[in-house]
Structures are given as C-alpha cells and as structure tokens.
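Novice: Right, I'll just put the structure down here and ask away after.
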Amino acid sequence: LDRAGVGDLLARVRVVVVPSRLEAFGLVALEAMAAGRPVVWSDLPGVRAATGGLGHPVPPDDPTALAAAMVLALDEPVAPEPLRAHARTMSWSASAAQYATVYDEVTAR
C-alpha cells in the first residue's frame, strides 16, 4: 500500500498485531503507533526498540500469550496520544539528530 492506503487501513482498525518471529525493526508497529493504534507485538529487540516498550509485548512463539494480549488490547484500550508522541520521537529527523549528537560526541574526543 502507499502512504494513504496505510493511513486508511490503520484508521479502520482497533488494534494492530505484529506477531513476528524475526524482525530487525518494528516499522509496522511504529506506523500503527503514529496512527494512535495500540499494538500487540512479539517481544523481539527490534520491535521493542521501535515501540519503546509501549503496547502489549508477547513471547514470539507463544500463541496463547498472543491471543490473551489481543483480548486485553481490545478490552482495555490505551490512549492514542502517548503512542503518537512516541512515534514522533522515532521520526527520520529525530533519528538523524540523535545520530548527529553521537557523531559529535565521538569526534570531539
């Protein structure tokens, strides 16, 4: 989907589920958070970094925990603004600024 299609889809869902067994970075989870949607996600380092730990992490190979987290996410919705706020901290410009700070610190030594 293009950006508009992703936005339309996310506007129609109540919860986004990212049940990855292998994931370098949780872009889908981050896009969901930017749309203010709660996320149930496999507790993998890349997804954990993308979500900032917000949402409902589950072990990647535990379908029972996945199902329980999905029910919990539907029964106890989270406020969308903290999710959106976290997603803004993960923007390309925010990431570039963080890298620039690290480079400045390293080159100043």
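The values are calculated or read from the model by the stated rules, or taken from the named source; none is laboratory data. Because the structure is a prediction, the values reported are computed rather than measured. Using ideal geometry, Cβ is built from the backbone for each residue, glycine included, and neighbour counts are taken over all protein chains shown. Calculation scope for accessible area: heavy atoms of the full protein, side chains included, ligands and nucleic acids excluded. Shrake-Rupley method; radii C 1.70, N 1.55, O 1.52, S 1.80 Å.
Novice: With Kirkwood radius over Cα pairs in Å as the read-out, I listed (i) 14.1; (ii) 15.3; (iii) 14.7; which label goes with the value calculated from this structure?
Specialist: Answer by label: (iii).
Novice: Taking the 0 to 90 degree range and rounding to the nearest ten, how far is the long axis of helix 92-108 tilted relative to the main principal axis of the chain, both from C-alpha atoms?
Specialist: 40
Novice: A further question follows. Rank these residues by their accessible area, most exposed first, probe 1.4 Å: Met90, Met70.
Specialist: Sorted by accessible area, descending: Met70, Met90.
Novice: What does the charge count near Gln98 come to, summing +1 for each Lys or Arg and -1 for each Asp or Glu among other residues with Cβ under 14 Å from its Cβ?
Specialist: Spelling it out: positives minus negatives among the neighbours equals -1.
Novice: Separate question: Asp8 label point, 7 Å along Cα→Cβ, cut-off 14 Å on backbone N: hits in segment 14-37?
Specialist: The answer is none, because no backbone nitrogen lies closer than 14 Å to the label point.
Novice: Please go through segment 1-84 and write out the trypsin sites (Lys or Arg not before Pro) that DSSP classes as loop and that have at most 16 other C-beta atoms within 10 Å.
Specialist: Arg12, Arg14, Arg21
Novice: Where the only charges are on Cβ atoms (+1 Lys, Arg; -1 Asp, Glu), what is the dipole of the chain about its Cα centre, to the nearest 20 debye? The partial results should precede the final answer.
Specialist: Details: 9 positive and 12 negative charges, 41 e Å.
Dipole about the Cα centre, nearest 20: 200 debye.
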